[in-house]
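Written below as structure tokens is the structure these notes are about.
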């Protein structure tokens, strides 16, 4: 009997608590929108954050709540946007495909080094120390952008600059965030003319530190003043759509090639992917 009474007591307590939990669940449960699971299955589950949300699940919840547009996922493109719009019963705007573009042509031969760099093999680490090249604005060649790309759309080319495969690039922007010098930007895929330089040095300095740097000669500005301006010793395209095709040859008379159309070899990645570097090893480049 001494053993039987505690067992009965604990059983009654467990029964009462179970009944309480049952009614609490019925009263407090949150109804899950059946569209949520369907939307989550359609999204690419890349969890890249390009949509502005923490991940694909967060975007799915925002779509159901009406806090995001069906075309919010750049990775999925128009196909995913159309399917999401059908589920949500709304119209969807077309997704403008954007790809990453590098605004630097400071390859090994064009931009000489000023010192040997011995340290952690990342652009971020080298940038914190001021870099090892004479140009303090150019690409450091250490591949932070390549490592950040989860779609394998970037490789380091033979000249040290990252090459972008536009077929694989989803415009997620991870490489843009990874570059400590802000040399990568997302642009509509149809855009084909850029300023391939970010140097703000005076022309006399720019000539010495990189053969392909903008030297503020104003040739491009004079050719198309309605679309190109000179700002802090650097040409800047304020509206690429205002550049007539017939004026592009005049713009491309730039003596250093700092502003020109995107070359085909940059758009088609044909180089072999380089082996990942051990971060414990040092980098040093010879001039």
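The values are calculated or read from the model by the stated rules, or taken from the named source; none is laboratory data. The structure displayed is predicted, hence computed values, not measured ones. Methodologically, a virtual Cβ is constructed for each residue, glycine included, from the backbone with ideal geometry; neighbour enumeration extends over all protein chains shown.
Select the helices (runs of 4 or more DSSP H) contained entirely in the range 77-181, then report the ones holding at least 1 residues which are closer than 18 Å to residue 199 by Cα. Outline the logic, then answer.
Working: elements: 77-88, 123-128, 144-148, 174-178.
Passing ranges, in order: 123-128, 174-178.
Total residues in the range 192-214 satisfying the condition of being outside any helix (DSSP H, G or I) and more than 28 Å from the chain's Cα centre (by Cα): the figure is 1.
Does residue 183 satisfy the condition of being within 27 Å of residue 77 (Cβ to Cβ), in contact with a strand residue (DSSP E or B) (Cβ under 8 Å, 6 or more places away or on another chain), at pLDDT 95 or above and outside the structural domain of residue 51 (by TED's automatic domain parsing)? For residue 183, the condition - within 27 Å of residue 77 (Cβ to Cβ), in contact with a strand residue (DSSP E or B) (Cβ under 8 Å, 6 or more places away or on another chain), at pLDDT 95 or above and outside the structural domain of residue 51 (by TED's automatic domain parsing) - is met. For the range 3-10, the criterion of being farther than 28 Å from residue 152 by Cβ, at pLDDT 85 or above and out of contact with any strand residue (DSSP E or B) (no Cβ under 6 Å at 6 or more places or on another chain) is satisfied by at least one residue. Going residue by residue through the range 221-242, is there one that turns out to be in contact with a strand residue (DSSP E or B) (Cβ under 7 Å, 6 or more places away or on another chain), in a helix (DSSP H, G or I), touching a residue at least 40 places away in the same chain (Cβ under 8 Å) and on the phi < 0 side of the Ramachandran plot? Yes; the residues of the range 221-242 include at least one that is in contact with a strand residue (DSSP E or B) (Cβ under 7 Å, 6 or more places away or on another chain), in a helix (DSSP H, G or I), touching a residue at least 40 places away in the same chain (Cβ under 8 Å) and on the phi < 0 side of the Ramachandran plot. Residues of the range 58-76 that are within 20 Å of the chain's Cα centre (by Cα) and surrounded by fewer than 17 Cβ atoms within 10 Å (Cβ to Cβ): 58 alone. Taking the conditions (1) farther than 28 Å from residue 149 by Cα; (2) surrounded by fewer than 18 Cβ atoms within 10 Å (Cβ to Cβ); (3) in contact with a strand residue (DSSP E or B) (Cβ under 7 Å, 6 or more places away or on another chain) in turn, residue 216 satisfies each one other than (2).
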